[in-house]
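Read through the structure below, which is laid out as structure tokens, and then see the notes.
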Amino acid sequence: MEFELALSERPSQVATAEAGRSLVKWLVAYCHAEVAGAPKTTLQAKKRDFELFLGYFTRTMGSDSIDDWTRSVSLGFVRWLENDANDGRGYAPTSVNRTTATLRRAVRWMEAKRPFLAGNPFERVTDLVTTVPPAKGLSKLQRSRVLAAADKLCALQTQANQQPRRKRALLVVLLETGMRISETLGVEMEQFDGKNFRNVKRKGKRRDDVYLSPEAREALADYFEHERGRGKGTVFQSREGTPMLRKDADRFLKQIQGMANANVPEDEKVNLHAHLMRHTALKQAEQKFGRAFAQRKSGNVGMQHIERYVQPADSDYEEAMDKLYS
């Protein structure tokens, strides 16, 4: 049986007393209370994880009873994800662990309101062992080329509707802060105090103040003075004054990419996208000041989440080892 969960995009409190023994209703109640209001990409990912599990659960147990969810079911689901899901190809360990992390959070919420008959179904269910790949990110040379390309666009794009300073400001803010694109596009002018973005909504219902480097502040000031102004609304806007869409932000970064790649060898070209800026910013912070600084900059809750952004590439590791005793 396949499930299509209907999840609200706005937080609300669904009466858990009405959920009864239905696992589907309990997951919907959890999503309404704890997931709704998150960025659209997060909502889609959670929805997919729950639908995967519900499909497996009903095929395996032949029921929708929350009391049928036991540790054995969770272990079987992990094995199914690893070996048989995805049309028999299975999922990578990192994907399996991300999916089970979604379920763990839901289980903790549900257990606080209604203990499971056979105990927590994720008790002693460990994550799969993964090898953290080298962190992605722009090299110093690529970073210089990308920033130079954005500068060049400001000189070449002279039509009012092109707004090249908006594109440059977006690039520099992403590079300097390491913010996610959804976080960046959601910031309002009233949150900008001239030095920080205040009370920024981060992943997992977290809120943080985000410090802006002098370079980011300068790029924003140039954008405000020549293109946007300082009226109310989101910092990054369309020409009509509405919030900038993710697809438009991606398109602007691709324009900068095209300029940066115009005269460089094929193996040095960049595939510029917002998450690459995040990797670049956090890896640079870790290299200069240590992992604690990178973790704070990331907006993630736990230190373990920073690993994917700072793992050294093989070439960097080999260079460091060559210098170890020199």
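Data overview
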| read-out | value |
| --- | --- |
| Condition check for Glu111: outside any helix (DSSP H, G or I) and either touching a helix residue (DSSP H, G or I) at 6+ places or on another chain (Cβ under 8 Å) or within 25 Å of Leu81 (Cα to Cα) (or both) | no |
| Subset tally (residues that are over 22 Å from Asp151 (Cα atoms), in a loop (DSSP other than H, G, I, E, B) and not hydroxyl-bearing (Ser, Thr, Tyr)) for the range 231-245 | 6 |
| Tally of residues being touching a strand residue (DSSP E or B) at 6+ places or on another chain (Cβ under 7 Å) and of a type in the set (A, V, I, L, M) across the range 223-280 | 2 |
| Of all residues in the range 47-92 being among the polar types (S, T, N, Q) and assigned to a loop (DSSP other than H, G, I, E, B), the one that is surrounded by the most Cβ atoms within 10 Å (Cβ to Cβ) | Thr70 |
| Positions within the range 183-214 being of a type in the set (A, V, I, L, M) and in a helix (DSSP H, G or I), in sequence order | Leu185, Met189 |
| Members of the range 243-287 found to be over 23 Å from the mean Cα position of the chain (by Cα) and not small (Gly, Ala, Ser), listed by number | Met259, Asn261, Asn263, Val264, Pro265, Glu266, Asp267, Glu268, Lys269 |
| Filter result for Phe50 (farther than 17 Å from Phe116 by Cα, among the hydrophobic types (A, V, I, L, M, F, W, C) and in the same structural domain as Arg79 (by TED's automatic domain parsing)) | yes |
| Pick from the range 135-153, criterion buried (at least 19 other Cβ atoms within 10 Å of the Cβ) and assigned to a helix (DSSP H, G or I), ranking: farthest from the chain's Cα centre (by Cα) | Leu153 |
| Top-ranked residue in the range 246-263 [being part of a loop (DSSP other than H, G, I, E, B) and out of contact with any Lys or Arg (no Cβ under 7 Å at 6 or more places or on another chain); ranked as surrounded by the fewest Cβ atoms within 10 Å (Cβ to Cβ)] | Asn263 |
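The values are calculated or read from the model by the stated rules, or taken from the named source; none is laboratory data. Here the structure is a predicted model, which means the values were calculated and not measured. Neighbour counts run over all protein chains shown; Cβ positions are idealised from the backbone, glycine included.
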